[in-house]
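The values are calculated or read from the model by the stated rules, or taken from the named source; none is laboratory data. All values derive from a computational prediction rather than experimental measurement. Cβ coordinates were reconstructed from backbone atoms using ideal geometry, including for glycine residues, and neighbour counts include every protein chain displayed. Note: accessible area is taken over every heavy atom of the protein model, side chains too, but ligands, DNA and RNA are not part of it. Shrake-Rupley method; radii C 1.70, N 1.55, O 1.52, S 1.80 Å.
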Amino acid sequence: SSELLNLSDGNAAKKFRQHQRKHPSKLVMNEFATNVWVVEGSEPVQWYGHPYTIRMVVIRLIDHPNEDKPCAWIWSPIPITDALAQEVETKAGPVKYICSPNKIHHIFLKEWSDKFPDAIVYASPGLEKRE
């Protein structure tokens, strides 16, 4: 679709899901470096009048002092699908850490934390007050 989806006026994840049902896309992990993948969103979204491409990074942590086996660290989560969640776990390991690096990369944070309730979530101060 060439029309930008406006996510700046609340209920962004819900609006994106409705759009995604009408315009399904396949999200694929693309290897960027050893144990690092980038997942590109299928199309740009509009955020306060500006088009943005959405993407997340998945890093496989191998020698992490708090883990006895490899695990996944998610940066800036994008819409989760069952297929994407399975691919992340297959390639990077169980999701143990989810990071929303600032107050505009939080839209899909809850979806990921609901899917992986044992993961530690890192977010910007004040994010818990946002809807």
Residues located in region 101-121, provided they are out of contact with any Phe, Trp or Tyr (no Cβ under 7 Å at 6 or more places or on another chain) and part of a strand (DSSP E or B): 121
Residue in region 31-51 that is under 11 Å from the mean Cα position of the chain (by Cα), over 22 Å from residue 114 (Cβ atoms) and modelled with pLDDT under 90 present: yes
Single unsatisfied condition, residue 89 versus (1) of a type outside the set (Val, Ile, Thr); (2) modelled with pLDDT of 90 or more; (3) in a strand (DSSP E or B): (3)
Close pairs (8 angstrom Cβ cut-off, 6 or more residues apart or separate chains): of a type in the set (Ser, Thr, Tyr) in region 105-120, outside any helix (DSSP H, G or I) and surrounded by 15 or more Cβ atoms within 10 Å (Cβ to Cβ) anywhere: 113/98; 113/119; 113/121
Breaking point among (1) under 14 Å from the mean Cα position of the chain (by Cα); (2) at pLDDT below 75, for residue 24: (1)
Unique residue being part of a loop (DSSP other than H, G, I, E, B), modelled with pLDDT of 75 or more and in contact with a Phe, Trp or Tyr (Cβ under 8 Å, 6 or more places away or on another chain) when the list is 59, 78, 98, 74: 78
Unmet requirement for residue 64, which otherwise passes all of (1) surrounded by 13 or more Cβ atoms within 10 Å (Cβ to Cβ); (2) part of a helix (DSSP H, G or I); (3) at pLDDT below 80: (2)
Verdict on residue 103 being open to solvent by 40 Å² or more (accessible area, probe 1.4 Å) and at pLDDT 95 or above: no
